[in-house]
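Report on the structure given below.
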Amino acid sequence: MKYFEVHASNSLCGCDEKWITTTEEDDLDFYEDILQQYSYESGYAGSEYDEDIWAEYDDEDNDPVIGYENAICENTYWEEITEEEFVRLRDKEGWDER
């Protein structure tokens, strides 16, 4: 079992999240799990996929949905931690376990 601290964001203020999780999967599958665990994966309150906001992240055909997904990808990271650190974050720091 591997233990991770996750920080996810879509680059907008107020849409940052951090949590702890475990996995036995490879990195590609693990990112998909993280994406599904992120509360703002499908958008945010009152969201419209505005081309102007997400254009800087869009390397495709100026598609704001792709730009939004790229923004999440570029602003999300995780770090492997020890089991002891995982337990400390969960039990003493009150981090959400997903």
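Taking segment 49-98 as the search range and keeping residues that are among the aromatic types (Phe, Trp, Tyr) and over 20 Å from ILE20 (Cβ atoms), which one is modelled with the lowest pLDDT? Quick ask: steps written out before the conclusion?
Quick first cut of segment 49-98, residues among the aromatic types (Phe, Trp, Tyr) only: 49, 54, 57, 68, 77-78, 86, 95.
Applying the additional criterion that residues be over 20 Å from ILE20 (Cβ atoms) yields 49, 54, 57, 68.
Values: TYR49: 63, TRP54: 73, TYR57: 77, TYR68: 83.
In this case the residue turns out to be TYR49.
Residues of segment 1-18 that are crowded, with 19+ Cβ neighbours inside 10 Å, of a type in the set (Ser, Thr, Tyr) and over 8 Å from the mean Cα position of the chain (by Cα): TYR3 alone. Taking segment 70-86 as the range and being β-branched (Val, Ile, Thr) and either loosely packed, with under 13 Cβ neighbours inside 10 Å or in contact with a Lys or Arg (Cβ under 8 Å, 6 or more places away or on another chain) (or both) as the test, only THR82 passes.
Looking only at residues in segment 2-33 that are modelled with pLDDT of 90 or more and of a type in the set (A, V, I, L, M), the one that is nearest to GLU83 (Cα to Cα) is ILE20.
The values are calculated or read from the model by the stated rules, or taken from the named source; none is laboratory data. What you are looking at is a predicted structure, and each value in this text was computed from that prediction instead of being measured. Neighbour counts run over all protein chains shown; Cβ positions are idealised from the backbone, glycine included.
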